[in-house]
Amino acid sequence: MKIFLKTEDEIELMRRANRLVADTLAEVAKHIKPGVTTLQLDNIAEAFIRDHGGVPSFKNCPNPFGGPFPASICTSINRVVVHGIPSAKVFLKEGDIISVDCGAVLDGFNGDSCYTFCVGEVDKDVRQLLKTTKESLRLGGPEPCAALRLWRGSRAYRAWYRTGDARGSSGS
């Protein structure tokens, strides 16, 4: 596989595409509350991306298992692992968690990120899970290789968990 090094200008364009994704997720977050449908969140995301000069990168993306992806974001509620399809029939409920995966192309470069949000008040065990996974990601550090980052993150998490900090106790 050939690796293409990016110029400073290209890195800045990548940064701008990812900033658009972050701003889109922030906009979507303002609307996450009980009673909102995942399709409403998708419409908000698509409008925000397009209003800021981008194109949703997930929408109409080819799918080897059927038709192209029909939405601008993926919305995965609770136990749905990834790539949930927004729907007018899926309403957010108090206590849900929703992962919103967003991608946008801006000036020829793609930005992509996912964030998990709480819908209203969530169970303390769910809050602890979110805290623990976020800390695991932080402990993984800014490694250039995803596999190494995952390995270091899981290793650091295991050490952190064994101290009892993750469970709110003082030992194993």
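The values are calculated or read from the model by the stated rules, or taken from the named source; none is laboratory data. Because the structure is predicted, anything quoted here is derived from the model rather than measured. Quick reminder, even Gly has a Cβ in these numbers, built from the backbone with ideal geometry, and neighbours come from all protein chains shown. Areas reflect the complete protein model, heavy atoms only, side chains present, ligands, DNA and RNA absent. Shrake-Rupley method; radii C 1.70, N 1.55, O 1.52, S 1.80 Å.
Can you tell me which residue among Ser76, Ser113, Ser87 is closer than 27 Å to Ala17 by Cα, surrounded by 14 or more Cβ atoms within 10 Å (Cβ to Cβ) and touching a residue at least 60 places away in the same chain (Cβ under 8 Å)? Let's see the steps before the verdict.
On the way: Ser76 fails: touching a residue at least 60 places away in the same chain (Cβ under 8 Å); Ser87 fails: touching a residue at least 60 places away in the same chain (Cβ under 8 Å).
Just a single option satisfies the conditions, and that option is Ser113.
Criterion applied to Asp123, Asp101, Asp96 was being more than 26 Å from Arg50 (Cα to Cα) and open to solvent by less than 50 Å² (accessible area, probe 1.4 Å), and the one residue passing it is Asp96. For region 101-133, filtering for residues that are assigned to a strand (DSSP E or B) and touching a strand residue (DSSP E or B) at 6+ places or on another chain (Cβ under 7 Å) leaves 14.
Here Arg138, Arg152 are screened, and the one residue that is open to solvent by 30 Å² or more (accessible area, probe 1.4 Å), at pLDDT below 65 and assigned to a helix (DSSP H, G or I) is Arg152. Taken over region 26-64, the criterion of being of a type in the set (D, E, K, R), within 18 Å of Leu106 (Cα to Cα) and part of a loop (DSSP other than H, G, I, E, B) is satisfied by Lys59 alone.
Taken as a whole, the condition of being at positive phi and modelled with pLDDT of 95 or more applies to Gly95.
For the condition of a type outside the set (S, T, N, Q) and either touching a strand residue (DSSP E or B) at 6+ places or on another chain (Cβ under 8 Å) or open to solvent by less than 50 Å² (accessible area, probe 1.4 Å) (or both), Arg50 qualifies. Looking across region 65-95, the residues that are under 14 Å from the mean Cα position of the chain (by Cα), of a type in the set (Gly, Ala, Ser) and part of a loop (DSSP other than H, G, I, E, B) come down to Ser72, Gly84.
Condition first: surrounded by fewer than 17 Cβ atoms within 10 Å (Cβ to Cβ), at pLDDT below 95 and either of a type in the set (D, E, K, R) or under 25 Å from Phe117 (Cα atoms) (or both). Can you find one or more residues in region 4-21 that meet it? Checked region 4-21: at least one residue is surrounded by fewer than 17 Cβ atoms within 10 Å (Cβ to Cβ), at pLDDT below 95 and either of a type in the set (D, E, K, R) or under 25 Å from Phe117 (Cα atoms) (or both).
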